[in-house]
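What follows draws every value from the coordinates through simple rules; no lab data is involved. Note that this is a predicted model, so its numbers are computed, not measured. Counting neighbours? That spans all protein chains shown, and the Cβs are built from the backbone with ideal geometry, glycine included.
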Amino acid sequence: MKDTAPSAAGTAPGAAPAGPGATQSAPAQDGLPTPRRYWAASVVMLGISLAVLDSTIANVALPTISHDLGVDPADSVWIVNAYSVALVVMLLPLSSLAERIGFRRMFSMGMALFTVASLACAMADSLLTLTLARIFQGVGAASLMCMFGGLVRHIYPHAKLGRGISLNATTVAIMSVLGPTLGSAILSVAAWPWIFAVNVPLGLLGMFWVRFLPDVPRTNTRFDAVSALLNMVTLGVFIIGVDKLVADPVKGLGMIAISLVAGYFLVRRATRQTAPLAPVDLLRIQPIAYAVAASACTFAAQMASYVALPFFFQAVLGRPPLQVGMLMAAWPIGTAIIAPVAGRLSDRYSAATLSGVGAAAMAVGLIAMTLLPHDVGNTAIMVVMFVCGTGFGFFQTPNNRSMIGSAPRTRGGAIGGLQATTRVFGQSCGTALVATAFGLSTTHGPSLALILGAVCAGAAVLVNTVRFKAVTVGG
């Protein structure tokens with residue numbers, strides 16, 4: 001089945017008109033000319049690498065940091081949580097702001113904030129100062145992440161959009177898993193502050209490269225501060241509430257209830273606006289709605305797997321810690337190999353078919369992992385991990401192409417923010433699922449977490465099945 005994404009310069013079917021005066025008029029341009037396109041793509045990939053790496057690279061350093069700063073290991077977890085929560089609550093507000101001040105200006109500001117915050121992390125001498133620096137680092141990362149989807153729409157010509165998205169998807173997948181590995185490598189030769197200090201020269205390089213990014217038309221409507229606050233409460237309180245469900249169910253449910261109330265008022269406010277901060281107008285576009293639902297499920301499965309697998313390898317399969325990195329590497333290798341193939345296919349065939357096959361392969365791989373015997377060889381484990389990674393890569397690029405390609409060009413910032421928010425929100429829920437699984441059973445927690453991950457991947461298959469039927473009936 002052919003892909004039914006709209007033309008690069010047009011408005012997606014079912015999209016609400018932008019309204020008079022919503023954006024500045026600009027001539028349609030089908031991507032950047034070469035070689036500027038390659039330089040712009042390099043800037044985006046550098047931004048992706050920095051933002052995604054720092055969401056995981058600090059994990060392996062937590063025991064060392066807690067010892068050096070003299071804090072309880074449980075309290076040190078906020079070094080990671082502060083970054084993640086700041087990232088997820090700021091994605092939509094900053095994507096809305098980027099549409100108003102310009103993508104290049106927002107990227108420059110985000111890269112500068114991320115670089116300065118990384119230096120502050122390296123110089124921190126207490127848990128409080130390090131946590132505050134991580135919050136600012138998360139805001140800087142959100143300033144970059146919120147535009148990746150919108151930028152790729154303006155960097156690549158429509159005929160090569162899938163290939164451009166595949167490069168981003170490959171970078172995200174590889175950096176998500178390489179974070180702990182690079183963190184361990186740095187700790188083996190240097191003190192923990194260098195985990196953050198290595199970002200500084202890369203950030204300075206990124207600030208120099210910003211000039212190659214495309215000029216994206218800006219929106220003239222005012223920034224909605226009330227919606228920004230409601231968005232922060234909705235997402236941030238929900239994630240913290242899910243995290244507390246096992247340790248303090250009453251408090252966790254109360255926080256979730258608060259987030260749902262804030263979300264209700266956020267959506268109600270957005271439905272009365274032309275280009276709302278919470279892009280519910282884009283969710284009226286059927287391909288985007290399906291892509292968002294499938295993406296949330298699949299990224300929940302991915303993160304649940306990433307968090308649970310190291311415990312599964314050591315506690316269930318009895319592998320020593322030194323082998324865990326080798327076993328985990330098979331996943332991103334599979335993703336990196338298949339992503340370019342999926343990118344080319346996504347320019348020709350239905351996202352529902354390609355993404356459904358990818359999510360199914362991922363679900364089968366996770367179930368197969370839980371059924372492996374204790375005396376299985378490392379080769380068999382890596383084959384199963386490779387299948388999971390291949391399935392994830394085959395899902396991600398077509399699904400992202402459908403999401404980004406179906407949005408109006410004038411809503412590039414909004415779709416980029418929606419894509420990034422969906423990914424980070426899904427990953428946060430996946431982490432919470434692991435905490436729930438471990439809370440239910442210490443012995444069987446890793447296996448239960450992988451099963452929950454497979455269920456999430458199965459839910460993505462279901463979404464793609466419905467999407468396929470909808471496309472078939474409609475087309």
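When you count, for each residue, the other Cβ atoms within 10 Å and take the mean per peptide, how do 224-233, 83-92 rank with the highest first?
Working: 224-233: 18.1, 83-92: 25.2.
By packing density, highest mean first, the sequence is 83-92, 224-233.
Solvent-free Debye calculation, one equal scatterer per alpha-carbon of segment 329-374: log10 I(q)/I(0) at 0.16, 0.18, 0.26, 0.28 Å⁻¹ equals -0.54, -0.64, -1.01, -1.06. Rounded to the nearest 20, the Cβ-based charge dipole of the chain about its Cα centre (Lys and Arg +1, Asp and Glu -1) stands at 1580 debye.
A simple rule links phi to the HN-Hα coupling: the Karplus curve 6.51 cos²θ - 1.76 cosθ + 1.60 with θ = phi - 60°, which for segment 120-127 gives 5, 4, 5, 9, 5, 10, 8, 5 Hz, with x for Gly and Pro. Taking amide H as placed 1.01 Å from N in the peptide plane, Tyr349 has its amide H under 5 Å from the amide H of Asp3, each at least 5 places away in sequence or on another chain.
Is there a quick way to get the dipole size of segment 198-346? I mean about its Cα centre, with the Cβ of Lys and Arg at +1 and of Asp and Glu at -1; what is the value in debye to the nearest 20?
Values: 11 positive and 5 negative charges, 55 e Å.
Once rounded to the nearest 20, the dipole reads 260 debye.
Projecting the Cα atoms of Ser95, Gly179, Tyr83 onto the charge dipole of the chain, computed from C-beta unit charges around the Cα centre, puts Ser95 farthest toward the positive end. Measuring r between the beta carbons of Val466 and Val341 and using R0 = 25 Å, the FRET efficiency lands at 0.50. Taking all C-alpha pairs of segment 276-475, those more than 23 Å from each other amount to 43 percent. Label positions at Ala225 and Asp72, each projected 7 Å from the Cα along the C-beta direction, are separated by 3.7 nm. Hull volume per residue, based on the alpha-carbon atoms of segment 331-443 and their convex hull, is 110 Å³. A quarter of the convex hull surface defined by the alpha-carbon atoms of the chain gives 20.9 nm² as the mean projection.
Descending by average beta-carbon neighbour count within 10 Å, the peptides 266-275, 306-315, 247-256 line up as 306-315, 266-275, 247-256, the highest first. In order along segment 199-212, the phi-based Karplus estimate (6.51 cos²θ - 1.76 cosθ + 1.60, θ = phi - 60°) of 3J(HN,Hα) comes to 6, 4, x, 5, x, 5, 5, x, 5, 6, 7, 4, 4, 7 Hz; Gly and Pro are listed as x.
Across the options Leu452, Ala342, Ala414, the greatest Cα extent toward the positive end of the charge dipole of segment 276-475 (unit charges at beta carbon of Lys, Arg, Asp, Glu) belongs to Ala414. Using the Karplus relation 6.51 cos²θ - 1.76 cosθ + 1.60 with θ = phi - 60°, the per-residue 3J(HN,Hα) values for segment 359-365 come to 5, 5, 4, 5, 5, 4, x Hz, with x marking Gly and Pro.
Order of 440-453, 41-54, 291-304, 132-145 by packing, highest average Cβ count within 10 Å first? Before the final figure, lay out the partial values.
Numbers: 440-453: 19.4, 41-54: 22.3, 291-304: 27.1, 132-145: 25.3.
Highest mean packing first, the order is 291-304, 132-145, 41-54, 440-453.
The value given for segment 225-272 is a Kirkwood hydrodynamic radius of 10.7 Å, derived from the mean inverse Cα-Cα separation. Determine the gain in length on full extension of the stretch Asp125-Asp248; use 0.36 nm per residue of separation and subtract their C-alpha separation, reporting nm with one decimal. 41.2 nm is the gain from fully extending Asp125 to Asp248.
Gain on full extension, evaluated as 0.36 nm per residue between Thr274 and Leu205 minus their Cα-Cα distance, stands at 21.1 nm. Estimated from helices alone, the mean residue ellipticity of the chain at 222 nm is -25000 deg cm²/dmol (sum of -39500 (n - 2.57) over DSSP H runs with n ≥ 4, per residue).
What's the exposure ranking of Val189, Val376, going from fewest to most Cβ atoms within 10 Å? Present the calculation step by step, with values, prior to reporting the outcome.
On the way: Val189 7, Val376 13.
Least to most surrounded, the residues fall as Val189, Val376.
For the Cα trace of segment 33-215, dividing Rg by the Kirkwood Rh returns an Rg/Rh value of 0.99. For segment 309-374 versus segment 407-448, the spacing of their alpha-carbon centroids is 17 Å.
A P(r) calculated from all alpha carbon pairs of segment 376-426, with 10 Å bins opening at zero, reads 22, 36, 22, 14, 5, 0 percent.
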